[in-house]
1. Please compute the Kirkwood hydrodynamic radius of the chain from all pairs of different C-alpha atoms, in Å with one decimal.
2. Suppose every Lys and Arg Cβ carries +1 and every Asp and Glu Cβ carries -1, with no other charges. What dipole size does the range 99-150 come out with about its Cα centre, to the nearest 20 debye?
3. With each run of n ≥ 4 DSSP H residues scored as -39500 (n - 2.57), what mean residue ellipticity at 222 nm is computed for the chain after dividing by its residue count and rounding to the nearest 500 deg cm²/dmol?
4. Name the residue, out of Ser93, Ser26, Ser78, whose mean-square fluctuation peaks in a Gaussian network model built on the chain with Cα pairs under 10 Å.
5. Give me a comma-separated list of calculated 3J(HN,Hα) values for the range 166-179, in order, Karplus coefficients 6.51, -1.76, 1.60 applied at θ = phi - 60°, integers in Hz, x for any Gly or Pro.
6. Please name whichever of Thr147, Gly37, Pro177 sits farthest to the positive end of the charge dipole of the chain, dipole taken about the Cα centre and charges placed at Cβ: Lys and Arg +1, Asp and Glu -1.
7. Solvent-accessible area per residue for the chain at a 1.4 Å probe radius, Å²?
8. What does the net charge come to around Leu46 if you take all other residues with beta carbon closer than 12 Å to its beta carbon, with K and R at +1 and D and E at -1?
Amino acid sequence: MLVDGGSRDGTIEIARRVPDVTALVSPRGRATQMNAGARAAHGRVLLFLHADTWLPDGGALADPAVVGGRFDVRFDSSRPVLSMIAFFMNLRSRWSGISTGDQAIFVRRDVFDSLGGFAAIPLMEDIELTRRLKRRGRVAALRARVTTAARKWEREGALRTMVLMWALRFLYVCGVPPARLHRWYYRRAP
């Protein structure tokens, strides 16, 4: 299942040529798109994978006590600073139980549905979902690694991006509206 939020790069046309891929168009917004995909999906487990993130070989949701989880992450860059950042992202996530979309969040459908899906907010939808998921049961932190694009980190600088991510999370926990955080992150309105 691929859900496109109105991109103009030919994503839908390309996806529709791939066998066994259902391609949908939904209004723009990560939470909106992921909820649309979840509604259209038929499986008992949902995996939310960003378009610029690749799954490792293997990986499964075998333990019935686990309500969902995430993978460790690495970047598609050989820069040592990004390897270090990925290490600390994985450590932070393992310690806090909070996951981000780059970590390929997965969740049992019945749990996802009972939580009402992703909150309809323009940013921090992944953090909000995993906060609620933790209250429902055990969340797996798989050591298998997904690979995610390092574009933003390389374009905007590793230190600047790391500080931005931490600041956005801190401000979210302090109650700053996700729409304002979205403007700061993307430098435009949602």
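The values are calculated or read from the model by the stated rules, or taken from the named source; none is laboratory data. Quantities reported herein were computed from a predicted structural model and do not represent experimental measurements. Cβ: placed from backbone, ideal geometry, glycine included. Neighbour counts: every protein chain shown. The accessibility values were calculated without ligands, DNA or RNA, using every heavy atom of the protein model including side chains. Shrake-Rupley method; radii C 1.70, N 1.55, O 1.52, S 1.80 Å.
1. 17.3
2. 360
3. Calculated at 222 nm, the ellipticity per residue is -13000 deg cm²/dmol.
4. Ser78
5. After applying 6.51 cos²θ - 1.76 cosθ + 1.60, I find 5, 5, 4, 5, 4, 5, 4, 4, 7, x, 5, x, x, 5 Hz.
6. The residue sitting farthest along the positive end of the dipole is Pro177.
7. Ligands and nucleic acids excluded, the result is 56 Å² per residue.
8. +2
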